[in-house]
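The values are calculated or read from the model by the stated rules, or taken from the named source; none is laboratory data. A quick note: this is a predicted structure, and the numbers were derived from the prediction, not measured. Note that we place each Cβ from the backbone using ideal geometry, even for glycine, and neighbour counts take in every protein chain shown.
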Amino acid sequence: MIFIIFLPVLIITFIIKFFSERRTIKRDLTGKHVCITGGSSGIGKAIGMQAAQKGAHVTIIARNQERLQLAIQEIESYKINSQQKFQAVSVDCAIWDTVSEKIDTIDKELPIYMFVNCVGMAICGKLEDLSPNDIKTMIDVNLYGVIYPTRAIVPKMKSRNDGVIVITGSQGGLCGIFGYTVYACTKFALRGLSEALHMEVRDHNISITLALPADTNTPGFEIENESKPLETQLISESAGLYKPEDVAKNIIKDSLKGRFFSTIGMESWILTTLCVGMSPFTYVFDLILEALLLSPLRLISAYYLRSFQKTVTKCSRKNE
C-alpha cells in the first residue's frame, strides 16, 4: 500500500534523472587499461567482457590459475580490435608484498586507467555459529583483499592525475540482516573506505565508485547459499536475483559517469537513497531528489524492517 502511494513520486524521480543524465559527458575506455581483481568469475569476469567490448586492454587478477586462463580466453573473445591486450595474473590480494609487487609490474607495462575491486566472499550464519577461521577469512578477503590493491594503485593514478577506482561492495553494506553479521561488517567498512578515499583523491581527477549490487547469479553466490540460514534466504529473496552481465554493465556505466554509488534495480536504488548520509554526490539533481525522498523512504524502510523481523520470528518459533 505504501509503495503504491509512493509510486508516482518514484516515476517522476526517474524521469528527472533520465533527462538530467542525457547531457553527461562520459569517460571513454577505448585504448585504456582496465585491471580487475576477482576477475576469474562472476561480476569481475563480466566487467572484463564489458571492458573488452568497449575497446579496452584488460588484466584480470585472482588466485586460481586455471580459472584465470579460462576466464581471460572468454574475455578476449569480446575484443573489438587486434590492438587490445589481455593478461591474467595469479596473486592473493590479501597479501601486501605480493599484490603490491604485481600491480607495480602490471602498471609499468601498461598504465592502469580503471581499477576494479571485485574480490569478495560470504560465509553466512549467526555470529555464534561462525568459527574464528570463518571470521578471519571474510575479513582477509573482503577488507585486506580490497584495501591492499587499492593502496598499491592510488599513488600511480595520482602521479598521472587521472583514473577510475571501483570498489564492489554489497547491499549488505548498507543494511545488516540476519545471517550476514560478519559479512555485513566487512561490506559496511568498504563504504567508509570509499567515502574517505573519494575525499583524498578527488583533487587528483580520480573518481571513486562504490558498487552495491543485490544478489547476483555467480559461482560465489552458489557457494554462499550452501551456508545461508532459512531466514537469510527468505529476506534476501525480496530483492531478486540479477545476472552478472547486467550488474557489470551498470557498474561500467556509473563509474564512467563518475557516480559515487552504482546500483541496480528499484530496491537497490531505494536503499542507497535512504542511506545516503554524508556520501559524495555527482549531480545536483541527485542531491535535491535525495533530500526530498529521505523522509517518505524512511516509512517504506520501516515496513520492510517489520516484514524482515516477522520472518525471523516466524522461523525462530518454527525451530523451537
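The figures follow:
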{"item": "Hits in segment 161-182 (condition: within 12 Å of Asn117 (Cβ to Cβ) and modelled with pLDDT of 95 or more)", "result": "Val164, Ile165, Val166, Ile167, Thr168"}
{"item": "Which listed residue is crowded, with 16+ Cβ neighbours inside 10 Å and either farther than 16 Å from Thr37 by Cα or β-branched (Val, Ile, Thr) (or both), from Ser131, Ser159, Ser207", "result": "Ser207"}
{"item": "Residues being touching a Ser or Thr at 6+ places or on another chain (Cβ under 8 Å) and more than 22 Å from Ile252 (Cβ to Cβ) - total across segment 71-102", "result": "2"}
{"item": "Qualifying residue in segment 138-158 (condition: more than 30 Å from Met266 (Cα to Cα), part of a helix (DSSP H, G or I) and of a type in the set (Gly, Ala, Ser))", "result": "yes"}
{"item": "One residue from Ala196, Ala184, Ala214 being farther than 29 Å from Lys318 by Cβ and not β-branched (Val, Ile, Thr)", "result": "Ala196"}
{"item": "Residue that is surrounded by the fewest Cβ atoms within 10 Å (Cβ to Cβ), among those in segment 167-180 that are touching a Leu at 6+ places or on another chain (Cβ under 8 Å) and of a type in the set (A, V, I, L, M, F, W, C)", "result": "Cys175"}
{"item": "Pick from segment 256-296, criterion surrounded by fewer than 17 Cβ atoms within 10 Å (Cβ to Cβ) and within 16 Å of Gly169 (Cα to Cα), ranking: modelled with the highest pLDDT", "result": "Ser279"}
{"item": "Among the residues listed as Gly55, Gly42, Gly48, Gly31, the single one being of a type outside the set (S, T, N, Q), in contact with a Pro (Cβ under 8 Å, 6 or more places away or on another chain) and at pLDDT 90 or above", "result": "Gly42"}
{"item": "Count of residues meeting criterion [free of Cβ contacts under 8 Å to residues at least 60 places away in the same chain and under 17 Å from Cys175 (Cβ atoms)] in segment 308-320", "result": "2"}
{"item": "Evaluation of Ser301 against (1) of a type outside the set (A, V, I, L, M, F, W, C); (2) modelled with pLDDT under 85; (3) closer than 17 Å to Ile235 by Cα; (4) surrounded by 13 or more Cβ atoms within 10 Å (Cβ to Cβ) (one fails), failing number", "result": "(2)"}
{"item": "Unique match (being free of Cβ contacts under 8 Å to residues at least 12 places away in the same chain and farther than 30 Å from Cys35 by Cβ) among Leu274, Leu287, Leu293, Leu230", "result": "Leu287"}
